[in-house]
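Before any comments, here is the structure.
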Amino acid sequence: MKSNAQHPWSVGDVAARVDLPTNVLRHWESVGLLTPARDDAGRRRYVEDDVVRIAVIQRSKAAGMTLDQIAVLLDDSSWGRHQVLQSHIDDIDRRMEEMRRSREMTEHALRCRSHDIATCPRFRAGVDDVLSRF
């Protein structure tokens, strides 16, 4: 990515390139995740470092992080940073396991000849962990 130092990107330019509404970028600024510079007219001007932060925020949100967790991720001096990040890794692992189970169940349903999939004993085995709570 190349930034033109004389003409940084406007909020509209950045929003269009990252496929976000401008109000999302403004919200991220209001909660302290972004701090774009302002020009003489008070308009936001984003440089490459800002765009990198936006990419980190987008990727982190896609992975299920909250804005509070992302704030910790982006603040290397934040107390408890490693705990927050480890907790997120643990959450990702749990969700990946759920996705694996869901995939297995869906693949079975795709191959199963039963019209009512819930009556298929092998299919029901895929939800035994949930049923065991009753």
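The values are calculated or read from the model by the stated rules, or taken from the named source; none is laboratory data. All of these numbers come straight from a predicted model, not from anything done at the bench. Don't worry about glycine lacking a Cβ; one is built from the backbone with ideal geometry, like all the others, and counts go over all protein chains shown. When the accessible area is computed, the model is the full protein with side chains, heavy atoms only, and any ligands, DNA or RNA have been set aside. Shrake-Rupley method; radii C 1.70, N 1.55, O 1.52, S 1.80 Å.
Below, the figures for the structure above:
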item: Karplus-derived 3J(HN,Hα), 6.51/-1.76/1.60, for each residue of region 39-50, Hz, glycine and proline x; result: 7, 4, 8, x, 7, 5, 10, 9, 10, 3, 4, 5
item: Positive-end residue of Tyr46, Met96, Leu34, charge dipole of the chain with Cβ unit charges; result: Met96
item: Trypsin sites (Lys or Arg not before Pro) within region 1-104, DSSP loop, no more than 14 other Cβ atoms inside 10 Å; result: Lys2, Arg43
item: Amide proton proximity set for Trp9, modelled H, under 5 Å, gap of 5+; result: Tyr46
item: With every protein chain in place, the chain: carbon and sulfur % of accessible area (1.4 Å); result: 53 percent
item: Rounded FRET efficiency, nearest 0.05, which uses the C-beta distance separating Arg45 from Asp19 and R0 of 25 Å; result: 0.80
item: Only Lys, Arg (+1) and Asp, Glu (-1) charged, at Cβ; region 4-134 dipole about Cα centre in debye; result: 480 debye
item: Cβ charges +1 (Lys, Arg) and -1 (Asp, Glu), total dipole of region 59-134, debye; result: 420 debye
item: Against the rule of thumb 2.2 N^0.38 Å, how large the Cα Rg of region 1-78 comes out; result: 1.08
item: Accessible area per residue in Å² at 1.4 Å probe, computed on region 9-134; result: 71 Å²
